[in-house]
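Have a look at the structure below, then the notes.
The values are calculated or read from the model by the stated rules, or taken from the named source; none is laboratory data. As the structure is a prediction and not an experimental result, all values here were calculated from the model. Note that each Cβ is placed from the backbone with ideal geometry, even for glycine, and that neighbours are counted across all protein chains shown.
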Amino acid sequence: MKRKIHIELLATAVFSILLTLLCVLFVFYGVYQKQVIGDLKADALVMKNMHIFDSISDLHPDAYDLNPDTLRITVINASGNVIFDSNADSTAMENHEDRPEIHMALENGEGSDTRRSTTLDKNMFYYAIRLDNGRILRIAREGDNIFALTQNMMLTVVGVFVLLFFFCILMSNYFTKNLVAPIEKMAENLSEPGTQAAYKELVPFMNKIRQQHEDILKSSQVRQEFTANVSHELKTPLTVISGYAELIEHGMAGDNAERFAAEIHKNASRLLSLINDIIQLSQLDGGKKDVEYKDLDLFPLAKECVDMLQMNAKKQNVTISVRGGAAPVFADRQLMEELIYNLCDNAIRYNKKDGSVTVTTGTENGHTFLSVKDTGIGISPEHQERIFERFYRVDKSRSKATGGTGLGLAIVKHIVAQHGAKLSLESEAGKGTEIRVDFSETLKQQELEKERQQEEKKENTEE
(Lines give C-alpha, C1' and ligand atoms only; values in the text may rest on other atoms or scores of the structure.)
Protein backbone atom coordinates (compact mmCIF):
# COMPACT_ATOMS: atom_id res chain seq x y z
CA MET A 1 0.00 0.00 0.00
CA LYS A 2 2.80 2.40 0.90
CA ARG A 3 4.62 1.66 -2.34
CA LYS A 4 1.50 2.19 -4.41
CA ILE A 5 0.66 5.52 -2.74
CA HIS A 6 4.29 6.62 -3.02
CA ILE A 7 4.42 5.82 -6.74
CA GLU A 8 1.08 7.52 -7.43
CA LEU A 9 2.16 10.66 -5.57
CA LEU A 10 5.44 10.75 -7.51
CA ALA A 11 3.61 10.25 -10.82
CA THR A 12 1.28 13.11 -9.94
CA ALA A 13 4.24 15.28 -8.96
CA VAL A 14 6.17 14.54 -12.19
CA PHE A 15 3.11 15.29 -14.30
CA SER A 16 2.53 18.54 -12.39
CA ILE A 17 6.18 19.60 -12.76
CA LEU A 18 6.20 18.93 -16.50
CA LEU A 19 2.89 20.70 -17.00
CA THR A 20 4.08 23.67 -14.95
CA LEU A 21 7.37 23.93 -16.86
CA LEU A 22 5.52 23.74 -20.15
CA CYS A 23 3.12 26.49 -19.09
CA VAL A 24 6.03 28.63 -17.88
CA LEU A 25 7.79 28.22 -21.25
CA PHE A 26 4.69 29.29 -23.15
CA VAL A 27 4.13 32.26 -20.84
CA PHE A 28 7.79 33.27 -21.10
CA TYR A 29 7.73 32.99 -24.87
CA GLY A 30 4.54 35.07 -24.98
CA VAL A 31 6.19 37.80 -22.90
CA TYR A 32 9.34 37.60 -25.04
CA GLN A 33 7.30 37.83 -28.24
CA LYS A 34 5.32 40.79 -26.92
CA GLN A 35 8.51 42.58 -25.94
CA VAL A 36 10.17 42.10 -29.36
CA ILE A 37 7.04 43.25 -31.21
CA GLY A 38 6.85 46.27 -28.89
CA ASP A 39 10.45 47.22 -29.69
CA LEU A 40 9.79 46.85 -33.42
CA LYS A 41 6.71 49.02 -33.12
CA ALA A 42 8.68 51.74 -31.34
CA ASP A 43 11.33 51.71 -34.10
CA ALA A 44 8.65 51.79 -36.79
CA LEU A 45 6.90 54.78 -35.22
CA VAL A 46 10.20 56.65 -34.98
CA MET A 47 10.92 55.95 -38.65
CA LYS A 48 7.40 56.95 -39.65
CA ASN A 49 7.55 60.22 -37.73
CA MET A 50 10.98 61.01 -39.20
CA HIS A 51 9.56 60.47 -42.73
CA ILE A 52 12.63 58.41 -43.57
CA PHE A 53 10.96 56.31 -46.30
CA ASP A 54 8.59 58.84 -47.87
CA SER A 55 10.37 58.93 -51.24
CA ILE A 56 11.93 56.25 -53.44
CA SER A 57 15.31 58.00 -53.53
CA ASP A 58 15.64 57.94 -49.79
CA LEU A 59 15.31 54.19 -49.57
CA HIS A 60 18.78 53.37 -48.30
CA PRO A 61 19.34 52.54 -44.63
CA ASP A 62 22.98 53.66 -44.61
CA ALA A 63 21.85 57.24 -45.03
CA TYR A 64 20.06 57.10 -41.69
CA ASP A 65 22.51 55.13 -39.61
CA LEU A 66 20.35 51.97 -39.64
CA ASN A 67 21.97 48.60 -39.05
CA PRO A 68 20.58 46.05 -41.49
CA ASP A 69 22.27 43.27 -39.53
CA THR A 70 20.03 44.04 -36.55
CA LEU A 71 16.80 45.01 -38.24
CA ARG A 72 15.38 44.01 -41.55
CA ILE A 73 13.51 46.87 -43.16
CA THR A 74 11.06 46.33 -45.97
CA VAL A 75 8.88 48.85 -47.80
CA ILE A 76 5.85 47.60 -49.71
CA ASN A 77 3.54 49.67 -51.85
CA ALA A 78 -0.22 49.58 -51.61
CA SER A 79 -0.37 46.75 -54.17
CA GLY A 80 1.84 44.49 -52.06
CA ASN A 81 4.93 44.77 -54.26
CA VAL A 82 8.25 45.06 -52.44
CA ILE A 83 10.04 48.26 -53.43
CA PHE A 84 12.81 48.04 -50.86
CA ASP A 85 14.34 45.40 -48.57
CA SER A 86 17.48 45.92 -46.53
CA ASN A 87 18.46 42.23 -46.47
CA ALA A 88 17.39 40.97 -49.88
CA ASP A 89 17.01 41.93 -53.53
CA SER A 90 13.59 43.54 -53.74
CA THR A 91 13.25 42.90 -57.45
CA ALA A 92 13.41 39.14 -56.93
CA MET A 93 10.86 39.09 -54.09
CA GLU A 94 7.28 38.01 -54.63
CA ASN A 95 4.18 40.03 -53.84
CA HIS A 96 3.69 40.44 -50.06
CA GLU A 97 0.02 41.36 -50.03
CA ASP A 98 -0.92 37.98 -48.54
CA ARG A 99 1.50 38.32 -45.60
CA PRO A 100 -0.54 38.54 -42.36
CA GLU A 101 1.17 41.69 -41.04
CA ILE A 102 0.92 43.43 -44.46
CA HIS A 103 -2.75 42.50 -44.82
CA MET A 104 -3.53 43.83 -41.32
CA ALA A 105 -1.54 47.03 -41.92
CA LEU A 106 -3.43 47.74 -45.17
CA GLU A 107 -6.75 47.27 -43.39
CA ASN A 108 -6.08 48.54 -39.84
CA GLY A 109 -2.97 50.66 -40.17
CA GLU A 110 -0.68 48.23 -38.36
CA GLY A 111 -0.10 44.50 -37.96
CA SER A 112 2.35 41.96 -36.55
CA ASP A 113 3.26 38.30 -37.00
CA THR A 114 5.88 35.72 -36.07
CA ARG A 115 6.92 33.07 -38.58
CA ARG A 116 9.78 31.61 -40.54
CA SER A 117 10.85 33.82 -43.46
CA THR A 118 10.75 32.09 -46.84
CA THR A 119 13.24 34.63 -48.17
CA LEU A 120 15.90 34.38 -45.45
CA ASP A 121 14.94 30.97 -44.05
CA LYS A 122 15.05 32.32 -40.54
CA ASN A 123 12.52 32.73 -37.73
CA MET A 124 11.46 36.38 -37.76
CA PHE A 125 9.30 38.77 -35.74
CA TYR A 126 7.43 41.21 -38.02
CA TYR A 127 5.76 44.55 -37.40
CA ALA A 128 4.16 46.57 -40.21
CA ILE A 129 2.73 50.08 -40.20
CA ARG A 130 1.03 52.10 -42.89
CA LEU A 131 2.82 55.34 -43.83
CA ASP A 132 1.13 58.61 -44.73
CA ASN A 133 1.79 58.07 -48.41
CA GLY A 134 0.01 54.68 -48.40
CA ARG A 135 3.14 52.55 -48.39
CA ILE A 136 3.72 49.84 -45.77
CA LEU A 137 6.83 50.00 -43.64
CA ARG A 138 7.70 46.60 -42.21
CA ILE A 139 10.43 46.06 -39.65
CA ALA A 140 11.58 42.55 -38.83
CA ARG A 141 14.01 41.06 -36.40
CA GLU A 142 15.42 37.60 -36.16
CA GLY A 143 14.45 35.68 -33.02
CA ASP A 144 14.18 32.15 -31.67
CA ASN A 145 10.91 30.26 -31.90
CA ILE A 146 9.57 28.46 -28.86
CA PHE A 147 11.39 25.21 -29.72
CA ALA A 148 14.74 26.94 -30.16
CA LEU A 149 14.09 28.93 -26.99
CA THR A 150 13.33 25.70 -25.11
CA GLN A 151 16.50 24.11 -26.45
CA ASN A 152 18.54 27.09 -25.29
CA MET A 153 16.98 26.84 -21.84
CA MET A 154 17.15 23.03 -21.66
CA LEU A 155 19.97 22.92 -19.14
CA THR A 156 18.06 25.24 -16.80
CA VAL A 157 14.80 23.35 -17.32
CA VAL A 158 16.41 19.97 -16.61
CA GLY A 159 18.14 21.36 -13.52
CA VAL A 160 14.88 22.75 -12.16
CA PHE A 161 13.09 19.47 -12.95
CA VAL A 162 15.71 17.36 -11.14
CA LEU A 163 15.62 19.60 -8.05
CA LEU A 164 11.82 19.55 -7.94
CA PHE A 165 11.76 15.77 -8.52
CA PHE A 166 14.05 15.02 -5.59
CA PHE A 167 12.06 17.42 -3.45
CA CYS A 168 8.86 15.60 -4.44
CA ILE A 169 10.44 12.24 -3.53
CA LEU A 170 11.14 13.51 -0.01
CA MET A 171 7.70 15.05 0.38
CA SER A 172 5.97 11.98 -1.09
CA ASN A 173 7.77 9.71 1.35
CA TYR A 174 6.86 12.01 4.23
CA PHE A 175 3.19 12.28 3.27
CA THR A 176 2.90 8.53 2.59
CA LYS A 177 4.20 7.68 6.06
CA ASN A 178 1.88 10.21 7.71
CA LEU A 179 -1.07 8.92 5.69
CA VAL A 180 -0.52 5.20 6.29
CA ALA A 181 0.72 5.32 9.90
CA PRO A 182 -2.77 5.90 11.45
CA ILE A 183 -4.20 3.09 9.29
CA GLU A 184 -1.48 0.67 10.42
CA LYS A 185 -2.06 1.63 14.03
CA MET A 186 -5.81 1.11 13.59
CA ALA A 187 -5.20 -2.31 11.98
CA GLU A 188 -2.99 -3.44 14.88
CA ASN A 189 -5.62 -2.52 17.47
CA LEU A 190 -8.72 -3.30 15.41
CA SER A 191 -9.96 -5.98 17.79
CA GLU A 192 -9.89 -3.60 20.76
CA PRO A 193 -13.33 -2.04 21.43
CA GLY A 194 -12.02 1.51 21.92
CA THR A 195 -10.15 1.69 18.61
CA GLN A 196 -11.40 4.53 16.42
CA ALA A 197 -11.17 4.76 12.64
CA ALA A 198 -8.12 6.71 11.45
CA TYR A 199 -10.28 8.52 8.89
CA LYS A 200 -14.04 8.88 8.74
CA GLU A 201 -14.05 7.26 5.28
CA LEU A 202 -12.72 4.05 6.89
CA VAL A 203 -15.58 3.73 9.41
CA PRO A 204 -17.73 1.41 7.20
CA PHE A 205 -14.62 -0.58 6.28
CA MET A 206 -13.61 -0.98 9.93
CA ASN A 207 -17.15 -1.96 10.98
CA LYS A 208 -17.28 -4.54 8.21
CA ILE A 209 -13.97 -6.09 9.27
CA ARG A 210 -15.07 -6.18 12.90
CA GLN A 211 -18.34 -7.84 11.92
CA GLN A 212 -16.49 -10.42 9.83
CA HIS A 213 -14.07 -11.01 12.70
CA GLU A 214 -16.97 -11.57 15.08
CA ASP A 215 -18.66 -13.88 12.58
CA ILE A 216 -15.46 -15.91 12.20
CA LEU A 217 -15.11 -16.24 15.97
CA LYS A 218 -18.75 -17.19 16.30
CA SER A 219 -18.46 -19.71 13.47
CA SER A 220 -15.35 -21.17 15.07
CA GLN A 221 -17.13 -21.49 18.37
CA VAL A 222 -20.13 -23.14 16.72
CA ARG A 223 -17.85 -25.60 14.96
CA GLN A 224 -16.06 -26.44 18.19
CA GLU A 225 -19.36 -26.99 19.97
CA PHE A 226 -20.62 -29.04 17.04
CA THR A 227 -17.48 -31.21 17.05
CA ALA A 228 -17.77 -31.74 20.79
CA ASN A 229 -21.47 -32.61 20.51
CA VAL A 230 -20.90 -34.97 17.59
CA SER A 231 -18.14 -36.73 19.50
CA HIS A 232 -20.41 -37.11 22.51
CA GLU A 233 -23.41 -38.27 20.48
CA LEU A 234 -21.34 -40.81 18.55
CA LYS A 235 -19.60 -42.09 21.64
CA THR A 236 -22.81 -43.11 23.44
CA PRO A 237 -24.22 -45.62 20.87
CA LEU A 238 -20.73 -46.88 20.01
CA THR A 239 -20.06 -47.57 23.68
CA VAL A 240 -23.33 -49.50 23.98
CA ILE A 241 -22.66 -51.46 20.78
CA SER A 242 -19.10 -52.25 21.86
CA GLY A 243 -20.24 -53.32 25.35
CA TYR A 244 -22.97 -55.71 24.22
CA ALA A 245 -20.77 -57.08 21.43
CA GLU A 246 -18.01 -57.80 23.95
CA LEU A 247 -20.46 -59.66 26.22
CA ILE A 248 -21.61 -61.79 23.30
CA GLU A 249 -17.98 -62.38 22.23
CA HIS A 250 -17.06 -63.78 25.64
CA GLY A 251 -20.15 -66.00 25.81
CA MET A 252 -21.70 -64.00 28.62
CA ALA A 253 -24.96 -63.29 26.80
CA GLY A 254 -26.70 -66.54 27.74
CA ASP A 255 -30.43 -66.18 27.44
CA ASN A 256 -30.00 -62.42 26.91
CA ALA A 257 -28.42 -62.80 23.47
CA GLU A 258 -31.63 -61.75 21.73
CA ARG A 259 -31.99 -58.69 23.95
CA PHE A 260 -28.34 -57.75 23.47
CA ALA A 261 -28.72 -58.07 19.71
CA ALA A 262 -31.81 -55.87 19.85
CA GLU A 263 -29.86 -53.19 21.79
CA ILE A 264 -27.01 -53.41 19.29
CA HIS A 265 -29.46 -53.01 16.41
CA LYS A 266 -31.22 -50.15 18.14
CA ASN A 267 -28.01 -48.21 18.79
CA ALA A 268 -26.65 -49.01 15.34
CA SER A 269 -29.83 -47.56 13.85
CA ARG A 270 -29.46 -44.51 16.05
CA LEU A 271 -25.84 -44.18 14.99
CA LEU A 272 -26.80 -44.46 11.32
CA SER A 273 -29.52 -41.83 11.75
CA LEU A 274 -27.06 -39.52 13.46
CA ILE A 275 -24.50 -39.92 10.68
CA ASN A 276 -27.13 -39.31 7.99
CA ASP A 277 -28.32 -36.15 9.77
CA ILE A 278 -24.75 -34.89 10.13
CA ILE A 279 -24.11 -35.46 6.42
CA GLN A 280 -27.37 -33.73 5.53
CA LEU A 281 -26.57 -30.76 7.77
CA SER A 282 -23.04 -30.53 6.37
CA GLN A 283 -24.41 -30.39 2.82
CA LEU A 284 -26.87 -27.67 3.75
CA ASP A 285 -24.16 -25.67 5.53
CA GLY A 286 -21.96 -25.70 2.44
CA GLY A 287 -24.85 -24.91 0.12
CA LYS A 288 -26.25 -28.07 -1.42
CA LYS A 289 -25.08 -28.26 -5.04
CA ASP A 290 -27.64 -30.68 -6.51
CA VAL A 291 -30.71 -28.65 -5.54
CA GLU A 292 -33.27 -28.74 -8.34
CA TYR A 293 -36.12 -26.27 -8.01
CA LYS A 294 -39.40 -27.21 -9.66
CA ASP A 295 -43.15 -26.65 -9.28
CA LEU A 296 -44.43 -28.79 -6.40
CA ASP A 297 -47.57 -29.29 -4.37
CA LEU A 298 -46.90 -29.77 -0.66
CA PHE A 299 -50.26 -31.45 0.00
CA PRO A 300 -49.48 -34.83 -1.66
CA LEU A 301 -45.98 -34.74 -0.17
CA ALA A 302 -47.50 -34.24 3.28
CA LYS A 303 -49.93 -37.16 2.69
CA GLU A 304 -47.05 -39.46 1.69
CA CYS A 305 -45.08 -38.47 4.78
CA VAL A 306 -48.07 -39.01 7.09
CA ASP A 307 -48.73 -42.45 5.58
CA MET A 308 -45.06 -43.39 6.05
CA LEU A 309 -45.10 -42.31 9.72
CA GLN A 310 -48.41 -43.96 10.64
CA MET A 311 -46.67 -47.07 12.04
CA ASN A 312 -44.23 -45.00 14.07
CA ALA A 313 -47.07 -42.84 15.40
CA LYS A 314 -49.09 -45.91 16.39
CA LYS A 315 -46.14 -47.22 18.41
CA GLN A 316 -46.12 -43.92 20.32
CA ASN A 317 -49.94 -44.01 20.75
CA VAL A 318 -50.23 -40.86 18.64
CA THR A 319 -52.61 -40.18 15.78
CA ILE A 320 -51.33 -38.26 12.79
CA SER A 321 -53.41 -36.73 10.02
CA VAL A 322 -53.21 -34.27 7.17
CA ARG A 323 -55.69 -31.66 6.10
CA GLY A 324 -55.94 -28.58 3.97
CA GLY A 325 -55.50 -28.40 0.23
CA ALA A 326 -53.19 -27.58 -2.62
CA ALA A 327 -50.03 -25.73 -1.62
CA PRO A 328 -47.97 -24.84 -4.72
CA VAL A 329 -44.32 -23.98 -4.22
CA PHE A 330 -41.20 -23.71 -6.37
CA ALA A 331 -38.75 -25.83 -4.39
CA ASP A 332 -36.53 -28.91 -4.26
CA ARG A 333 -38.64 -32.06 -3.79
CA GLN A 334 -36.09 -33.97 -1.70
CA LEU A 335 -35.59 -31.05 0.69
CA MET A 336 -39.36 -30.53 1.04
CA GLU A 337 -39.79 -34.21 1.89
CA GLU A 338 -36.99 -33.91 4.45
CA LEU A 339 -38.61 -30.77 5.88
CA ILE A 340 -42.03 -32.37 6.36
CA TYR A 341 -40.59 -35.63 7.69
CA ASN A 342 -38.42 -33.94 10.33
CA LEU A 343 -41.27 -31.73 11.54
CA CYS A 344 -43.70 -34.66 11.77
CA ASP A 345 -41.15 -37.02 13.34
CA ASN A 346 -40.28 -34.40 15.93
CA ALA A 347 -44.00 -33.82 16.70
CA ILE A 348 -44.54 -37.57 17.23
CA ARG A 349 -41.38 -37.98 19.29
CA TYR A 350 -42.28 -35.25 21.79
CA ASN A 351 -46.00 -35.97 22.00
CA LYS A 352 -48.12 -37.32 24.83
CA LYS A 353 -49.86 -40.66 25.01
CA ASP A 354 -53.07 -40.57 22.97
CA GLY A 355 -51.88 -37.27 21.51
CA SER A 356 -52.29 -36.06 17.95
CA VAL A 357 -50.29 -34.48 15.15
CA THR A 358 -52.01 -32.41 12.47
CA VAL A 359 -50.25 -31.46 9.24
CA THR A 360 -51.92 -28.60 7.36
CA THR A 361 -51.06 -27.24 3.91
CA GLY A 362 -52.71 -24.53 1.89
CA THR A 363 -52.62 -20.88 0.89
CA GLU A 364 -53.56 -17.68 2.65
CA ASN A 365 -53.94 -14.48 0.65
CA GLY A 366 -52.34 -16.27 -2.28
CA HIS A 367 -49.30 -17.41 -0.31
CA THR A 368 -48.34 -20.99 0.49
CA PHE A 369 -47.85 -22.29 4.05
CA LEU A 370 -47.11 -25.56 5.85
CA SER A 371 -48.11 -26.15 9.49
CA VAL A 372 -47.34 -29.07 11.81
CA LYS A 373 -49.25 -28.93 15.09
CA ASP A 374 -49.10 -31.39 18.00
CA THR A 375 -50.66 -31.82 21.42
CA GLY A 376 -47.38 -32.82 23.02
CA ILE A 377 -45.26 -31.64 25.93
CA GLY A 378 -44.82 -28.14 24.50
CA ILE A 379 -41.82 -25.87 24.86
CA SER A 380 -41.32 -23.35 27.66
CA PRO A 381 -40.41 -19.77 26.59
CA GLU A 382 -36.78 -20.05 27.73
CA HIS A 383 -36.21 -22.96 25.32
CA GLN A 384 -38.11 -21.66 22.28
CA GLU A 385 -35.25 -19.54 20.92
CA ARG A 386 -32.79 -22.44 21.02
CA ILE A 387 -34.69 -25.49 19.81
CA PHE A 388 -33.41 -24.97 16.24
CA GLU A 389 -29.79 -25.19 17.42
CA ARG A 390 -27.81 -28.36 16.71
CA PHE A 391 -28.08 -31.06 19.39
CA TYR A 392 -30.28 -28.86 21.58
CA ARG A 393 -32.97 -30.91 23.32
CA VAL A 394 -35.75 -29.70 25.57
CA ASP A 395 -36.16 -33.15 27.13
CA LYS A 396 -32.88 -35.06 26.76
CA SER A 397 -34.11 -38.24 28.38
CA ARG A 398 -37.13 -38.47 26.06
CA SER A 399 -35.01 -37.73 23.00
CA LYS A 400 -32.53 -40.49 23.78
CA ALA A 401 -35.30 -42.93 24.64
CA THR A 402 -37.02 -42.34 21.28
CA GLY A 403 -33.77 -42.28 19.29
CA GLY A 404 -33.68 -38.57 18.49
CA THR A 405 -30.43 -37.13 17.16
CA GLY A 406 -31.06 -33.51 18.13
CA LEU A 407 -30.42 -32.37 14.54
CA GLY A 408 -33.90 -32.60 13.01
CA LEU A 409 -34.99 -29.01 13.67
CA ALA A 410 -31.53 -27.68 12.79
CA ILE A 411 -31.96 -29.33 9.37
CA VAL A 412 -35.44 -27.81 9.10
CA LYS A 413 -34.01 -24.36 9.79
CA HIS A 414 -31.38 -24.73 7.05
CA ILE A 415 -33.89 -26.01 4.48
CA VAL A 416 -36.23 -23.11 5.21
CA ALA A 417 -33.35 -20.62 4.92
CA GLN A 418 -32.19 -22.15 1.62
CA HIS A 419 -35.66 -21.61 0.17
CA GLY A 420 -35.90 -18.11 1.58
CA ALA A 421 -39.02 -18.99 3.57
CA LYS A 422 -40.06 -17.86 7.05
CA LEU A 423 -40.11 -20.16 10.08
CA SER A 424 -42.34 -19.43 13.08
CA LEU A 425 -43.10 -21.24 16.33
CA GLU A 426 -46.02 -21.13 18.73
CA SER A 427 -45.85 -23.33 21.81
CA GLU A 428 -47.00 -23.59 25.39
CA ALA A 429 -45.56 -25.99 27.92
CA GLY A 430 -47.91 -28.95 28.52
CA LYS A 431 -50.31 -28.00 25.70
CA GLY A 432 -48.48 -28.53 22.45
CA THR A 433 -46.51 -26.87 19.68
CA GLU A 434 -47.18 -25.52 16.20
CA ILE A 435 -44.34 -24.93 13.74
CA ARG A 436 -45.27 -23.04 10.60
CA VAL A 437 -43.32 -22.48 7.39
CA ASP A 438 -44.50 -19.49 5.36
CA PHE A 439 -43.37 -19.32 1.71
CA SER A 440 -45.01 -15.95 1.05
CA GLU A 441 -41.72 -14.05 0.94
CA THR A 442 -40.17 -16.34 -1.69
CA LEU A 443 -42.63 -16.04 -4.57
CA LYS A 444 -40.58 -13.47 -6.48
CA GLN A 445 -37.36 -15.36 -5.78
CA GLN A 446 -38.99 -18.59 -6.92
CA GLU A 447 -40.13 -17.04 -10.18
CA LEU A 448 -36.63 -15.69 -10.86
CA GLU A 449 -35.09 -19.09 -10.11
CA LYS A 450 -37.66 -20.75 -12.35
CA GLU A 451 -36.80 -18.40 -15.23
CA ARG A 452 -33.08 -19.02 -14.68
CA GLN A 453 -33.51 -22.79 -14.82
CA GLN A 454 -35.63 -22.52 -17.96
CA GLU A 455 -32.92 -20.42 -19.64
CA GLU A 456 -30.27 -22.98 -18.66
CA LYS A 457 -32.34 -25.82 -20.11
CA LYS A 458 -32.82 -23.80 -23.31
CA GLU A 459 -29.09 -23.17 -23.61
CA ASN A 460 -28.28 -26.86 -23.00
CA THR A 461 -30.82 -27.86 -25.65
CA GLU A 462 -29.32 -25.46 -28.19
CA GLU A 463 -25.82 -26.81 -27.53
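If you filter region 163-177 down to residues that are surrounded by 11 or more Cβ atoms within 10 Å (Cβ to Cβ) and of a type in the set (A, V, I, L, M), you find that the one that is modelled with the highest pLDDT is LEU163.
Of the set (1) modelled with pLDDT of 85 or more; (2) on the phi > 0 side of the Ramachandran plot, all apply to GLY420 but (1).
Pick out the one residue from LEU137, LEU106 that is assigned to a helix (DSSP H, G or I), surrounded by 15 or more Cβ atoms within 10 Å (Cβ to Cβ) and assigned by TED's automatic domain parsing to the domain that holds MET47.
Details: LEU137 fails: assigned to a helix (DSSP H, G or I).
Sole residue among the options that is assigned to a helix (DSSP H, G or I), surrounded by 15 or more Cβ atoms within 10 Å (Cβ to Cβ) and assigned by TED's automatic domain parsing to the domain that holds MET47: LEU106.
Of all residues in region 10-33, those satisfying the criterion of being closer than 19 Å to THR114 by Cβ and surrounded by 15 or more Cβ atoms within 10 Å (Cβ to Cβ) are LEU25, TYR29, TYR32, GLN33.
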